[in-house]
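Every number here is computed from the coordinates shown, using simple stated rules; none is lab data. Fair warning: this is a prediction, and the values are worked out from it, not measured in the lab. Note that each Cβ is placed from the backbone with ideal geometry, even for glycine, and that neighbours are counted across all protein chains shown.
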Amino acid sequence: MLAIKGIYNNGKVTLEEEMPIQNTITEVIVIFPDNKPQETSKKLSLKEKRELFEEFSGSVNRILDIKTEKSEALEEKYESTD
């Protein structure tokens, strides 16, 4: 099976690439993707920006703390076996 991208417009499909098979009759399957309208981004207020920054900063600190805790636990493990 071969996939070639194309555009459907007013009952016609226009392929965006050359067909490797020429001068033969070939069965095709056409799939129409769900083209959902994209949500427009809204402008954030200064308060919303600060809240998002604080939330993100907290998650980064939490990830770093987990890594620190794991490395400290490993150090304790190896120190106790000596």
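The listed peptides 43-49, 19-25, ordered by packing as a protection proxy, come out as 43-49, 19-25 (highest mean of other Cβ atoms within 10 Å first). Given their separation in residues at 0.36 nm each and the Cα-Cα distance between them, F56 and T40 gain 3.5 nm when the chain is fully extended.
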